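Okay, so here's the structure we're looking at.
What follows draws every value from the coordinates through simple rules; no lab data is involved. Just so it is clear, the model here is predicted, and its values are computed rather than measured. In this analysis, Cβ positions are derived from the backbone assuming ideal geometry, glycine residues included, and neighbour counts consider all displayed protein chains.
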Amino acid sequence: MAFTTPRTWVAGEPVTESMLNEQVRDNLLALAAAAAPGGVLSFMIPASEFQAVAGTPTFGPVGSTALSRIPAWAVDPASDEAVSALYYMPFDPAGVTMEASIIWAPATTNTGNCDWELQVADVAAGEQIDQAADETDSHLQAAGGVVDALQQTTPVALNRTGRLWRVVAYRDANDAVNDTFTGDAYFIGVLISVVLA
Amino acid sequence: MAWTSPSTFADLGDVRDPAFLNEMRDNLAALGAVRGDGQIFIPAWKFQVVSGTATLAVVGSAGAQTRAPAYICTDGAGAEFNTFHRMRGQPPNYNFDILWAPSSTNTGTARFDAAIFGLQLGDEIDGAGQFSTDTNTLSFAAPGVVDALQFRRPTWDTAVNPTPDSAVFAYDWLRISWVPTWLTYTGLVHFFGVLIGAE
């Protein structure tokens, strides 16, 4: 939906329903589309903002073609590995529903499931930085069988009130029953989006 | 405030219908709630250590998955962190806060010196720039709680320099420098980053 420059109304001007639909309904829809998932109020926290907190994941360019590689953390299937970042929301999220998902790609053609876990804690002044996560979500996702194919875990709703978030992405590889993907998983980042509806 | 898909105006009578107007109100409120307010967090990893000793790592003692990235300042003599930042737009006034946490229960006094240099194209990146603050110092007592997040704002020395609101933010390019040292505080300083906020 295109955004139309808001009209300046003048005295005595006949107002029609089509003008109101353009000025009010369509412009609201255009602004909402800009804010909703996929719009300007989607925030990618890229892999480069994370640090390893568990196991020995490795950070570097991934992909099979040298000049097409992108930065990611490689987390292996042998043991639990996790990465952590601090992220500051650009607005007060109290009362706003957000959703978050992990963006990743498989390093092999194996089609097993990768067991991802996303943990978010909002930390306010005076609170301990290592407090327990406020929200934890686990997702199994099939690797798909195509090397380097971009994947997104099912978005999970987040309802946080604080602005500084500790975001941890974690591959639960020790859970061999669920984590059946046998290759490295490339962690590319976490996508956070506003949910307006 | 919940967002609903905006109704279509069928006729001009809808303009006088409170339900239409209140739906518009709620939708504007929903969009207004997610507008940015100009606060920007510059995390620790965007800084480089230019003097002293500090290590970029993860901190926290409650378990691996609760740790967060920070510089660990291991030298009581201080470490200096610099970053280069481009402001996006110039709201009239800004605040700067440093985010840190102590690694011990000691309640002694630590100190942060802050410096901000406003630069414009053609200025030397390592020069004094158009505006600089010298030792804008904040001394404070550590809270005595391990890993307790602290937001601390430097006290700008207006006798030496104008407040940063009045000068430095006329410039798009900023060199930001922080020097944590400790006076009587006896523990490591965990530096998480700097928060720039509109007043």
Compute and list, largest first, the equivalent-ellipsoid semi-axes of the protein assembly as shown from the alpha carbon gyration tensor, each √(5λ) rounded to a whole angstrom.
39, 33, 19
For A:MET19, A:MET98, which order do you get if you count the other beta carbons within 10 Å of each Cβ and list the fewest first?
A:MET19, A:MET98
Cleavage-rule hits (trypsin sites (Lys or Arg not before Pro)) in the stretch B:31-72: DSSP loop, at most 16 neighbouring Cβ within 10 angstrom
B:ARG35
Once every DSSP H run of n ≥ 4 in the protein assembly as shown is given -39500 (n - 2.57) and the sum is divided by its residues, what mean residue ellipticity at 222 nm do you get, rounded to the nearest 500 deg cm²/dmol?
-2000 deg cm²/dmol
Most exposed to least, judged by fewest other Cβ atoms within 10 Å, A:MET44, A:MET89 sort to A:MET44, A:MET89
Please compute the volume of the convex hull spanned by the alpha-carbon atoms of the stretch A:62-197 and report it per residue in Å³.
118 Å³
Exposed chymotrypsin sites (Phe, Trp or Tyr not before Pro) being those in a DSSP loop with at most 14 other Cβ atoms within 10 Å, the longest stretch of chain A free of them is A:10-197
Geometric extent, Cα atoms of the stretch A:1-85 - Rg, Dmax (angstrom):
23.9, 74
Exposure proxy order (Cβ contacts within 10 Å, fewest to most) of A:SER101, A:SER48
A:SER48, A:SER101
